[in-house]
Amino acid sequence: MEFCPDCGTMLFPKDNKLTCRCGFEKGLSDAETYSVEEKVEVKETVKVVEDIDKFKPTTDIICPKCSNKKAYYEIKQTRSADEAETRFFTCTKCKHTWREYD
Ligand SMILES: [Zn+2]
Ligand SMILES: [Zn+2]
């Protein structure tokens, strides 16, 4: 907020200038104008989801292939509704995938 140095009234913006009803005018500096525009444009660089494994939950289970003790798991509902959900594991180390045995 800026005030007129001549009469002390609040200045209001008009055509890239600050004007006062007494006739005072003050040009807005280029720097100010640009910074406003940049703020609008700079934004969003949507990351491609390639590290999706990082967001999967992990569980303590022994990998049948490499004996690693951690694996990501995913619960998938099988087609028929009366069947229980099946858990799929993916070893955090060797990426071996297997399903839960029961
Ligand atoms: Zn004024
Ligand atoms: Zn493994």
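Table for the structure above
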read-out: Karplus-derived 3J(HN,Hα), 6.51/-1.76/1.60, for each residue of region 83-95, Hz, glycine and proline x; value: 7, 6, 5, 10, 9, 10, 10, 10, 4, 6, 9, 9, 6
read-out: Cα gyration tensor, region 52-99 - rounded (a/c under 1.5), prolate or oblate; value: prolate
read-out: Highest to lowest packing among 90-97, 6-13, scored as the average C-beta count within 10 Å; value: 90-97, 6-13
read-out: Lysine pairs meeting the criterion (Cα under 16 Å, 8 or more apart or interchain), as found in region 52-99; value: 14
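Bear in mind these aren't lab numbers, they're just calculated from the coordinates by the rules spelled out. All figures in this text were calculated on a predicted structure; none of them were measured in a lab. Cβ sites come from the backbone with ideal geometry, for glycine too, and all protein chains shown count toward neighbours.
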